[in-house]
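Below you'll find the structure, written out as structure tokens, and then a few comments.
The values are calculated or read from the model by the stated rules, or taken from the named source; none is laboratory data. Bear in mind the structure is a predicted one, so any value in this text is a computation, not a measurement. As a convention, Cβ positions derive from the backbone with ideal geometry for all residues, glycine included, and neighbour counts pool all protein chains shown. The accessibility values were calculated without ligands, DNA or RNA, using every heavy atom of the protein model including side chains. Shrake-Rupley method; radii C 1.70, N 1.55, O 1.52, S 1.80 Å.
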Amino acid sequence: MRGSVKQELTPMFKQYLQIKAQYPDCILFFRLGDFYEMFFEDAERVSQLLGLVLTKREAGKDFFAPMCGVPAEKADFYIQRLLELGFKIAICEQVEDPALAKGLVKREVVRTYTPGLNAEIAFLKGKEKVYLSALRLGPKASLAFLELSCGEFLHTELPIEKALAEIIKKEPKEILLPENLKEDELVQRLKALLPNLTISFLPEREFKDGVSAIKFYLELYQPELKENLSDPLWYYPEDYLYLDEPTKRNLELLRNLWDNSEKYSLYWILDETVSPMGGRLLKDWILYPLRSPEEIVKRQRAVEFFFEQRALRRSLREALQKIYDLERIANRCKLRLANPKELSLLRHSLSLLPQIKEILSKEKNFLPQLLLELYQELQEFTELYEVLEKTLVEDPAPLNKGTPIIKKGFSSELDELRSLKENAMEYLSTLEKRLRQETGLPNLKLGYNRVFGYYLELPKAQAKLAPPTFERKQTLTNAERFTTKELKELEVKIVTAEEKIKALEVALFQELRERVAKEAPLLHKTAKALAILDVLQALAEVADRYGYTKPEITQERLLIVEEGRHPVLERILGPQNFVSNNLRMDDKARLHIITGPNMGGKSTFLRQNALIIILAQMGSFVPASYAKMPVFDRIFTRIGAGDELIRGRSTFMVEMSECANILKNATSQSFVILDEIGRGTSTYDGLSLAWAIAETLYQKKVFTLLATHYFELTDLIKTYEGIKNYHVEVKEWEKEIIFLYRIKEGPANQSYGIEVAKLAGLDEEVIKRAQKILAHLEEKKVKKIWEIKKREKGVEYRTMQLSIFSTPSYEGIIEKLKKIDPNQMTPLSALEFLYQLKKEVEGNR
């Protein structure tokens, strides 16, 4: 609230401000009846962001507070939206019945949420994880991740650049940093790389490491969960194929470059999972392909089993599809957050586990190792299912908001209260009839009003005949009203039955939740096994549907892909329209230089082979007719940087920094794809840099695919034996070009740049002018691109590799050709002229 309020506030607004002062950084959802209301600055911000009507409410004499609100039953949508926008939220509830309250209703904050601390299934997307991260800098950065809804708590220590790569990979919703980093360049980098990231700063003393920072933050905002939090697990990113941020982005692993949605990404192709936990695990497998040949083959065999067993796979898919998010429900039970509806979903999921085990048991003797291990890890939870079945009604009401939750027959006390509530009128009618008989007063009748409750009424003339046990309660003009000890006891039972039922059901439900919480570790283990089964069958489904093949993993330095395809483009274009290509790399051909026109398929070829490696190391089949490959330690990509201009970095600067990262970290076990490096600067600078980068990668024995428009690079094969030239095949037909999208050995003979521009629809006059300029430039070709350094430290210095930069001069020959008139030459003189030109050309080399 801006400024100070001199007016005397109403009691409710005093209460509001007292509570708001405890949660100054949160949007306070303040419960008023059936609505959550927001006031003052909260109302002004939220109404604008969510399109809510901004009204006002009297807060004191001649003083009105801005206000907006949302229906309590629809609040989940608005809470989720605000969390996505990076806000923290405090939920303030009425913690007593307004009908029973004496004066102002008591209110308390019962739950707070931050973008990274969110375990409410209703707020979460099923196949997405919501990470809270914490980073502390040092000789090695201490990094921790908490996924509260799934119970995943991880930590590690890495050099800062690798730590940043991990953060980008996991895309946390919120990150905790020490306060001393507020002005650090790191903060700007994080904001640029993850625009939707919420950054929260904590006192430096709370940053012993990433784990301690997360625990401190949890204590601040959700202290009730701290005791039930999972223990943090150490993990080693080095155990997996390293994929940095440009690679994740360029290869469109989880999202496309077009609108940043999942559509047309690798995940979009592979996601045939049928459960939320399977979908989340698939993303992990894409971002963390394996490096252990044994583990890769282990997964492959499981995928192969499902690939071959179509009927079994179909049955498994149908069963898994009916299972709810067991992982998150189990963790909510562990955190004591699960509601009655979630336990009913747990019960339904547990009922399907015997069916899943039965599906696998049919082939138990033939299950590959991984599937046999998963089969053994699956628990059936027969006893727990029976407890849930006899305790919960079919469709339980929300906790503290309604009834019923607990089944009839489970608790005699609850049954008695329900009977009293349901049969209250019958009990009252029976009492009325009995008292008439006992008193002999046929005009005695039982009534009720809100002020006096239940009463016995007699006409004025018969009031004096009332027995001594009748206590006078109210005198009317024509009647007298009484009560009795028995009626008062019955009234208390009837009036309080509803509240007692609610309280007892809550207590019985909490006992049930505690019972389930004891099974949480085994439920988590089973949920993980189900998620793995789901991903394995999904990979088999994709392989079967799109004609993928199992790659061979080898110890040799040999990469072979026959009839390889780009998994996404093939699906978009259709298999009949996509042109497959081969690739073979070994130490004798570890650097491929690929030339040819834009739109010819160079970039697609580069990307598809990187994706094939990722798929293979995930344990998946690959889009090819045959594939054989070693296990790579890292994949690096350099493919363009259009979005970096927004981040304040030039295209060339980004290109060079990414190349520097590749040269620094690539090893002989790495795979690198480079698309048009050096194009962000002048031609000569770009060519020399591309040349030097290619040389360095070659010397480091890195398997590299390099697409370029610098035809001069094709001369590298004259110096190095381990380099091969390839080009994209183009067919010329009646002054038109046709892209064949085939990768063929040998360099391209021209770029076809103007022809590509023509295909793109450039104006005909512009095309003609460009052709004239091109002809002129070719005629005026310079003699040398630049001078090679003549001396260094007084010594003559030349390099054979750079000899390509000395270009022969043909200007004299061109001038002679201009002067001749072929129509005036005899065949003999023309032949003699051609012979002299040939000698002159050979002498000029």
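Annotation for the stretch 1-106: trypsin sites (Lys or Arg not before Pro) lying in DSSP loop with at most 10 further Cβ atoms inside 10 Å of their Cβ are Arg2, Lys6, Lys61, Lys102. Amide hydrogen proximity for Thr549: with H placed 1.01 Å from N in the peptide plane, the residues at 5 or more positions away or on another chain lying under 5 Å are Val622, Ala624. Estimated from helical segments only, the mean residue ellipticity of the chain at 222 nm is -13500 deg cm²/dmol, where each DSSP H run of four or more residues counts as -39500 (n - 2.57).
Pairs of lysines in the stretch 359-430 whose Cα atoms sit within less than 25 Å of one another amount to 7, provided the residues are eight or more positions apart or on different chains. Annotation: extensible slack from Ser625 through Glu295 equals 116.5 nm (criterion: 0.36 nm per residue apart, minus Cα-Cα distance). In this structure the amide hydrogen of Glu676, modeled in the peptide plane, comes within under 5 Å of the amide hydrogens of Ala707, Thr708, none closer than 5 places in sequence on its chain.
Between Glu562 and Arg436, the distance separating the two model label sites (each 7 Å from Cα on the Cα→Cβ line) works out to 9.8 nm.
Accessible surface calculations at 1.4 Å, restricted to protein heavy atoms, place the stretch 230-302 at 40 Å² per residue. Entry note, the stretch 245-332: relative contact order of 23 percent, from Cα contacts under 8 Å with a spacing of 6+ residues.
Out of the total accessible area of the chain (probe 1.4 Å, heavy atoms of protein only), what percent is carbon and sulfur? Solvent-exposed carbon and sulfur of the chain make up 50 percent of the total. When both bridge partners sit in the chain, DSSP labels roughly 65% of those beta bridges antiparallel. Taking label positions 7 Å along the Cα-Cβ direction at both Ala503 and Arg57, the computed distance is 2.8 nm, reported to one decimal.
What percentage of all Cα-Cα pairs in the chain are separated by more than 41 Å? The calculated P(r) of the chain puts 54 percent of pairs beyond 41 Å. Based on C-alpha pairs under 8 angstrom that are at least 6 apart in sequence, the chain has a relative contact order of 9 percent. Cross-link reach is defined here as a Cα-Cα straight distance under 27 Å, omitting same-chain residues fewer than 8 places apart; for Lys61 the lysines meeting it are Lys6, Lys14, Lys20, Lys102, Lys106.
Within the stretch 181-322, the percentage of alpha carbon pairs spaced more than 20 angstrom apart rounds to 68%. Which of the lysines could a cross-linker span from Lys718 if the Cα-Cα distance has to be under 22 Å and same-chain partners fewer than 8 positions apart are dropped? Here the lysines satisfying the reach criterion relative to Lys718 are Lys588, Lys700, Lys701, Lys744, Lys783, Lys784, Lys789. In this calculation the C-beta distance from Thr719 to Gln669 is compared with R0 = 35 Å, giving a FRET efficiency of 0.90. Here are some pairs, Lys140/Lys226; Lys341/Lys500; Lys357/Lys528; Lys298/Lys528; Lys433/Lys488; which of them have Cα atoms lying more than 24 Å apart in this structure? Pairs exceeding 24 Å: Lys140/Lys226.
Taken over the C-alpha atoms, the stretch 308-394 has Rg and Dmax values of 14.5, 43 angstrom. Please work out the FRET efficiency for the pair Glu73 and Asp231, using the Cβ-Cβ distance as r and a Förster radius of 35 Å; give the result to the nearest 0.05. Calculated transfer efficiency: 0.40. Helix by helix through the chain, keep the DSSP H runs that span 27 Å or more along the axis on Cα and average at least -1.0 on Kyte-Doolittle, and give those back in order. Sorted by number, the helices that extend far enough and score high enough are 340-361, 485-517, 520-546.
Using 0.36 nm per residue and subtracting the Cα-Cα separation, the extra length available between Ile820 and Arg314 on full extension is 174.4 nm. Normalised per residue, the accessible area of the stretch 477-580 is 45 Å², obtained with a 1.4 Å probe and no contribution from ligands, DNA or RNA.
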